[in-house]
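Written below as C-alpha cells is the structure these notes are about.
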Amino acid sequence: MSRNGRRPTVGAEPNAGAGYAMPREVRVERGSAIAGERRVRADACVIGTGAGGAPVAKELAEGGMKVVMLEDGEYFTTDDFTARPREMTSRLYHSAGQVTTIGNAPIVLPLGRAVGGSTVINSGTSFRTPPPVLAMWGERFGLEQLTPEALDPFFRRVERIQNVVQVPEELAGQNALVVKRGADRLGWHGDFIYRNARGCVGSGVCNWGCPTSGKQHTGLTYVPLAWNAGATTFTGARARRIVVEGGRARRVEASTRGGGRLVVDCDRVIVAGGTIQTPLLLRRNGLGTASGHLGRNLSIHPATGVRALLDEDVNMASGVIQSYYIDEFAGEGIMFEGAAGPPDYIAMSFPFSGEQHRELMLRYRNLSQFGLMVSDASRGSVRERAGGFLIRYDLGRRELAAFRRGLELLCELYFAAGAKVVFPAVEGLGELRDGDLGPLRRHDIRPRDLTLLAFHPLGTARAAAHPEQGVVDENLAVRGVEGVYVADGSAVPSSLGVNPQITIMALATRLAFQLLAAPPPLDEPEPESIAEPRVPRPHALAG
Ligand SMILES: Cc1cc2nc3c(=O)[nH]c(=O)nc-3n(C[C@H](O)[C@H](O)[C@H](O)COP(=O)(O)OP(=O)(O)OC[C@H]3O[C@@H](n4cnc5c(N)ncnc54)[C@H](O)[C@@H]3O)c2cc1C
Ligand code: SF4
C-alpha cells in the first residue's frame, strides 16, 4: 500500500481496486416503513450523512459511542445509478435540482439529498483548505487553532479514507486536455485534479451517481464504516425538533416518510444538514440565534462556463467530468475547473433552441466546455418560508468584474487551444469567432445576463471564537446550549477559493476527536503529494 512509507497518490496504482468499504451489514432502517412512533436511544444523533455528518458518525461509532444517523434522503446502492442525468437528478437532488436563489441574478444551487448527501452528486475534487484562508480565519474570526499543522492529521485521515489521488492523464478526457493545451500555450499554471476516487473508469457522470463505485462518496466510505462500528442510519427521516431540557440537548424528533414519528433520546446532537438546512433547523428550535448571524453570511462560489466548438474529437462523454484546474488567476478570486457533460445534460443546459440547438448537438463530439468559479465577498442569507426555504443572494460589483475578466480569459484560452467558435454563457451575446474577443469586451454585462450556478454554499452558522461573530464556537459547539454541534458547510466561516468537501470533512473529523477526548491521529500516512493551488489571501476572501 505505501511507497517509502507514504500513501501513493499518483499513477495507476492508487486509482485501481474496488471503490467501496464493504459493510458487514447494511444498517439502514427506512422511514417509509415507520408509520407510528418509534423510539431509540443513542449516545449521539447525527443529522445528515453528507461531507460533514458521515465522518462524525464513523469516528464517534468507532470511538465506542452508539450512533444514530438521520437522513432525509434515501439510501441508494451503486446498482441504482443508471448514468442517465434526467432520471438521477430527480432521485438524488433536492427539489429535482431546481433550488434557485433570488436576488439580482437567479443562481441555480444544486443540493444532494441521499445517504452521502451532496457527495453522491459532487465531482470529487479534493483540495485542502488553503493556508492563507486559515490565516485569515485566525485573524478575523479568532480561529487561531485551525492552522495547517494542527489540521494536517485530520486532512491525512480524510484523504486516506476517501482515497484522494490525482487523476491520471489517461482518465482526464480530451475536454481537459484541450483546456490544458490552451493553458500551456498561454503559460498559465494548472494541474490535474486530486479527487476521491478508486476504480474510476472515466465514464463522466459523477454528478448523477457514479455507476462503478469509483467515486468515494461518503455513503460508500464513512457510512458503511460507521455501520461496521454499530451505527444505524434512518433514511426518509427528517429531523424537526431538538429538545433541550435543563440547558442540554435531550432528544431529537423526526418525521418519517411513512407519516410516523421517530424519537432519538440522546444528549449529543450533531447537526449536519448542510448550509441551507442547518440554520433553519436551529432557528426553528430557538438555537444559535444570539449572535444574530444564524442564516446569514452565506457564500456560494458562484460559477459559470464557456463552451467551444473545435475541429477535433473532444467527446465530453468520455473522461472524468472535472479533471483539470487552472489557478493562474486565483489571486483575483478566479478559479477555472473543468466540468464536461454527457449529451443529454449538455442538450438540457445549452441556451439555444431550434435549428441552432440541433446543429450544435449534432456536433456534440466537437464541443468542449469549462467552468469558472468566483471566490465571493458578497454574502447572502437563508430563511424558512412556507415550510421550505428562501435563499437570498445578490451578486456584487466585485464578483461581476471577476466574471467579466474570467469569461474573457476563458474565451482567450479556448482560442489559444484552437477553437474556432466560443460561446460564453452571457445572455444576448451569442458566439465569438476567430479569436475576436471584441464583442465580449464591448458587451455591458449585468448580473442577470450571466448563466450562474453555485455548488459550494457555506457560512450560515459560521464558527468564530468571539461570541458576537459566530453561531458556533471554535470547537463547533452551538453557543448557549450544551450538547449541540454543527459539522457541515454552514460552520465554514468564509468562501475558500477552492472546493470545500475536504475542509468540511476535516473539521467534522476534528470535532469527533474532541467529543471523544481523543488526541489527533498523528499516525496517519503522509500522502505522496497533495494539490497546492496558488490561492493567496486576496481581499475577495476577506468577507
Ligand atoms: C453538483 C455538485 C458538485 C460538487 N462538486 C464538488 C467537488 O468536486 N468538490 C468539493 O469539494 N465539493 C463539491 N461540491 C460541494 C460539496 O459536495 C458540499 O460542499 C458538501 O457535500 C457539503 O457537505 P454538508 O455536510 O454541508 O452537506 P451535504 O453533503 O449536502 O449533506 C447534507 C445532508 O443532510 C440531509 N438533511 C438536511 N436536513 C436534514 C434534516 N432536517 N434531517 C435529516 N437529514 C437532513 C440532506 O438530505 C443531505 O443528505 C459539489 C456540490 C454539488 C451539488
Ligand atoms: S468518471 Fe465515471 S467512473 Fe469515474 S468517478 Fe466519475 S462517474 Fe465514477
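The values are calculated or read from the model by the stated rules, or taken from the named source; none is laboratory data. Since we're looking at a predicted model, the values are computed, not measured. All Cβ positions, glycine included, derive from the backbone under ideal geometry; neighbour counts span all protein chains shown. Heavy atoms of the whole protein, side chains included, go into the accessibility calculation; ligands, DNA and RNA do not. Shrake-Rupley method; radii C 1.70, N 1.55, O 1.52, S 1.80 Å.
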Calculated over the range 438-543: convex hull of Cα atoms, volume per residue (Å³): 175
Cα→Cβ-extended label distance, 7 Å offset, between Ile102 and Arg185, nm: 4.6
Nearest-20 debye value, the chain charge dipole, Cβ charges on Lys, Arg, Asp, Glu: 1420
Paramagnetic label zone (point 7 Å from Cα along Cα-to-C-beta, Leu437; backbone N under 17 Å) in the range 330-345: 330-337
Charge dipole (debye, nearest 20) of the range 431-543; +1 at Cβ of Lys and Arg, -1 at Cβ of Asp and Glu: 560
Projected label distance in nm at Ser349 and Glu170, using a 7 Å step from Cα toward the beta-carbon: 2.8
Sequence-distant residues sharing a close amide H with Lys66 (under 5 Å, placed H): Asp43, Ala44
Electrostatic dipole magnitude of the range 308-448 [Cβ: Lys, Arg +1; Asp, Glu -1; Cα centre; debye, to 20]: 660
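Per-residue ellipticity at 222 nm for the chain, helices alone: DSSP H runs ≥ 4 residues times -39500 (n - 2.57), over residue total, nearest 500 deg cm²/dmol?
Estimated from H runs of four or more residues: -7500 deg cm²/dmol.
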Added length on full extension, which subtracts the Cα-Cα distance from 0.36 nm per residue, Glu37 to Val243: 72.5 nm
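May I ask you to list, by number, the DSSP H helices of the chain whose Cα span along the axis is at least 20 Å and whose average Kyte-Doolittle hydropathy reaches 1.0 or more? Don't jump to the answer; show the numbers that get you there.
Values: long enough: 169-186 (24 Å, -0.33); 397-417 (30 Å, 0.20); 501-515 (21 Å, 1.17).
Passing helices, by number: 501-515.
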Amide H partners (placed H, <5 Å) of Gly112, local residues excluded: His94, Ser118
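In whole percent, and with a 1.4 Å probe on the protein chains, what portion of the accessible area of the chain is carbon and sulfur?
Whole-percent figure for carbon plus sulfur exposure: 48.
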Cα gyration tensor category, rounded, prolate or oblate, for the range 161-259 with a/c compared to 1.5: prolate
Under DSSP loop assignment and at most 12 Cβ neighbours within 10 Å, longest GluC sites (Glu not before Pro)-free interval of the chain: 26-467
Range of Cα positions in the range 467-514 per principal axis (Å), largest first: 32, 25, 12
Gyration tensor (alpha-carbon) shape descriptor, the range 1-89, a/c threshold 1.5: oblate
Alpha-carbon Debye profile of the range 50-191, log10 I(q)/I(0) at 0.17 Å⁻¹: -1.33
Where the Cα pairs of the range 420-480 fall when distances are cut into 10 Å bins, in %: 19, 26, 14, 15, 19, 7, 0
Per-residue ³J(HN,Hα) for the range 294-310, Karplus 6.51 cos²θ - 1.76 cosθ + 1.60, θ = phi - 60°, Hz, x for Gly and Pro: 4, x, 10, 6, 6, 9, 9, 6, x, 9, 9, x, 10, 10, 8, 10, 10
Cα centroid separation - the range 305-322 against the range 510-534, whole Å: 36
Given charges at Cβ of Lys, Arg, Asp, Glu: the range 356-437 dipole, positive-most of Ser381, Pro424, Gly435: Ser381
Table column - 3J(HN,Hα) (Hz), the range 25-38, Karplus curve with 6.51, -1.76, 1.60, x for Gly and Pro: 8, 7, 8, 10, 10, 7, x, 5, 9, 9, 9, x, 9, 10
For the chain, projected area of the alpha-carbon convex hull averaged over all directions, nm²: 23.1
Residue-span extension gain [Ala12 to Arg284] - 0.36 nm each, minus C-alpha spacing: 93.0 nm
Computed P(r) (all Cα pairs; the range 218-367; 5 Å bins; percent): 2, 6, 11, 12, 11, 10, 11, 10, 11, 8, 5, 2, 1, 0
Debye intensity ratio I(q)/I(0), log10, the range 344-436, q values 0.17, 0.22 Å⁻¹ (C-alpha model): -0.90, -1.15
Calculated from backbone phi, Karplus (6.51, -1.76, 1.60) coupling profile of the range 277-286 in Hz, x at Gly/Pro: 8, 4, x, 5, 5, 5, 5, 4, 9, x
Heavy-atom surface of the chain, accessible at 1.4 Å and reported per residue (Å²): 36
For the range 241-323, convex hull of alpha carbons as volume per residue, Å³: 188
For Asn315, distant residues with modelled amide H under 5 Å away: Asn366, Leu367
